[in-house]
Amino acid sequence: MSAIETGLHSPRYAALPPIFYRVVAPQALNEPHWAAISPDCARLLGLDPAHDFDDDTLAVLAGSRPPARLPPLATAYSGHQFGVWAGQLGDGRALLLGERDGQDGQRHEIQLKGAGSTPFSRMGDGRAVLRSSIREFLCSEAMAGLGIPTSRALTLVASSTLVRRESLETAAVVCRVAPSFVRFGMFEHFCHGNRPDALRQLADHVIAAHFPECQQAEQPYAAWFEQVIAASARLVADWQAVGFCHGVLNTDNMSILGLTLDYGPFGFLDGFDPEHICNHSDHQGRYAFRRQPHIVYWNLQRLAAALWPLIREERLLQALETFQPTLEAALASRMQAKLGLQHWQDDDWTLLTDLLDLMAAQGADHTLTWRRLCAVTAHGDDPEHCRDLFLDRASFDTWRQRYAVRLQQDGQPDAQRSAAMRQINPCYVLRNHLAELAIQAAQAGNYQEINRLRACLSDPFTERPEYADYAGLPPDWAHTLSVSCSS
C-alpha cells in the first residue's frame, strides 16, 4: 500500500446518499511521471516529501489505480456561470479519493483533477492540460504562502497522453487538497432540483463537519449562513488587497468554507488597473478586478435563494446585510496593515483612495509599489525609489508627503513599521509571465522552473537574492499574454 493510502479515510461526503455523487474509476495516463511535489502540503498531510512519493504513490495520484478499498467519487452540483443559470454541472474531471488527517488538526479531502471522464463531463474528456495544471499547482501553493485561504496542491503529474484543445497538448493531473470542496452550486443543485430533503442533508453534513459550533445556535442554518457570508467577505478582501483576480467567479467555483477554489484563468495585477479583466473569455468584463466584491455578494444572494427552504426569508435578508460592513472592516484591516498604520482613521480611506487613483492613472506596478512603500520614512525619504514607478513623479511626491505626515501622527518607529509592512506586502507573486516561463520549460521536459518558483512563492515576503529575477517589473512581452477558460 502506498504512503498516500496509509491513513486514508473514506470521505465523509460518501456517507451522504448516492444522489450526491457517482462512483467513478480513474483513467490511467500514458507514461505518468512526477513534475512537482509540494513539500509544505506533503508535511501538512503527515507525508515525508523525501521518501513517500514513490512509484506506488505515483500510481494513485496519477489515476493509474484507485486507492485500496476506497472507490473515488465525482460530486454533483449545478450553478450560475457568467450570471446565467447553467443547470447541472458536477465534477467533470475531478475525483474525490478520500480524506487524511492533517497536522493542523483538520481532515483534508484528497482530490484528483484531470483523471478522466465522469458522468458529469458533458462531452468533455475529463482531462486537464499541463499548462493549466502548472498554473493551478503554483497558484494554490502561492496563495497559501500569502496566507490567503485556498485549496492546496500536493502533486503535479505529467504524462505523454495527448488531448486536443485549440491544439494538441499533453495531459496532467493535479492532486488538490482542502478540508472540503463543497461549493455554492451544490446547494443550488438540490434547490433547483426540488429536493429539499437532499438540501437539508447537505446543510447538515456541512455544519456537522465544518461548522459544529452552529449546531448549538437557536437557528443553526441561519448561524451557519452568516459564517459563510463572513468568510466570503474576508476572502474577497484578501484578493483585493494583494491584487488577485479570480477570473471565473461562478457560483460553482465558490467554496462554502471561504477558500480560493478552482484556479482557471486567474491573474495577479502587474500595473494597477481596477478594470483589469484576467479572463480572455470574459467578454463583458463581469469578473473585472474591481467587480469581485460585488460578484461575491451576487453569488451569496444566489446561495440565499437556494437556502430559502431552510431559513426564513427575513433572516436570509438580514444575513446578507452583514456582507458590506464585514467586507469594509476586512478591507480596512488589510489596507491599514499595508500602509503600516497602527490605527485606522476615517481620513485614511481618502489617503488610500488617492494612492490607488494615482497608481491607476500612472499604471504603477501593484506589487512593487506596495513593497517599495515599506521603505518610505516618516520624514518622507524614499530610499527604494517608489517614485520611479510613477510617470508623474511630482504627483507621487505630493502624496508621499501627506503619507509622511500621517506616519508622524501614527508615531511608530520607521524600522518597526517597515519590518511589519514587509510581512504584509509581498516581494513575489505569481505573475503571468513567471508562470508562462515555467510552462514553456515544462513543455520542453524541464520541470525545474516549476519547483524553483514554488519554493520562492512559499515565502513571498522574505527577499532573497537568488530570486531577484522574480521580483522585478514584467517584461514587455508579458502584456501580450492572455488566459481563458480553455484548459
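General observations
- For the chain, the longest principal axis of the alpha carbon atoms and the long axis of helix 220-242 meet at an angle near 50°.
- Cysteines (scope the chain) whose Cβ has no counterpart Cys Cβ under 4.7 Å: CYS41, CYS139, CYS175, CYS191, CYS214, CYS374, CYS386, CYS427, CYS456, CYS485
- Mean Cα-pair separation over length for the range 341-421, i.e. relative contact order, pairs under 8 Å, 6 or more apart, %: 35
- The mean of 1/r over all distinct Cα pairs in the range 185-333, once inverted, gives the Kirkwood hydrodynamic radius of 16.0 Å.
- For the chain, radius of gyration divided by Kirkwood radius, i.e. Rg to Rh on alpha-carbons: 0.97
- When the GluC sites (Glu not before Pro) in the range 295-347 are filtered for DSSP coil states and for at most 14 other beta-carbon atoms within 10 Å of their beta-carbon, the remaining sites are GLU321.
- Loop-resident sites, the range 216-296, for GluC sites (Glu not before Pro), counting at most 16 other Cβ within 10 Å (DSSP): GLU218, GLU275
- Net charge of neighbours whose Cβ lies under 14 Å from the Cβ of ARG312, counting Lys and Arg as +1 and Asp and Glu as -1: -3
- Summing charges over neighbours of ASP397, with a neighbour being any other residue whose Cβ is under 9 Å away from its Cβ, gives +2 when K and R count +1 and D and E count -1.
- Here LEU407, LEU430 are placed in order of increasing Cβ neighbour count within 10 Å, fewest first, which gives LEU407, LEU430.
- Residue by residue, the range 34-44 carries 3J(HN,Hα) couplings of 5, 9, 6, 9, 8, x, 5, 5, 4, 5, 4 Hz when phi is fed to the Karplus relation 6.51 cos²θ - 1.76 cosθ + 1.60 (θ = phi - 60°); x denotes Gly or Pro.
- Cut-off 15 Å between beta-carbons: net charge of the residues surrounding HIS343, Lys and Arg +1, Asp and Glu -1: 0
- Mean projection area, nm², convex hull over Cα of the range 12-181: 10.4
- Take every Cα pair under 8 Å whose residues are at least 6 apart in sequence, average their separation, divide by the length of the chain, and the relative contact order is 15 percent.
- Computed label-point distance, nm, for sites HIS479 and ARG195 using a 7 Å Cα→Cβ extension: 5.1
Since every read-out is calculated from the coordinates, none of them should be taken as a lab result. Owing to the predicted nature of the structure, the values given are computational and were not obtained by experimental measurement. FYI the Cβ positions are ideal-geometry reconstructions off the backbone, even for glycines, and counts take in every protein chain you see.
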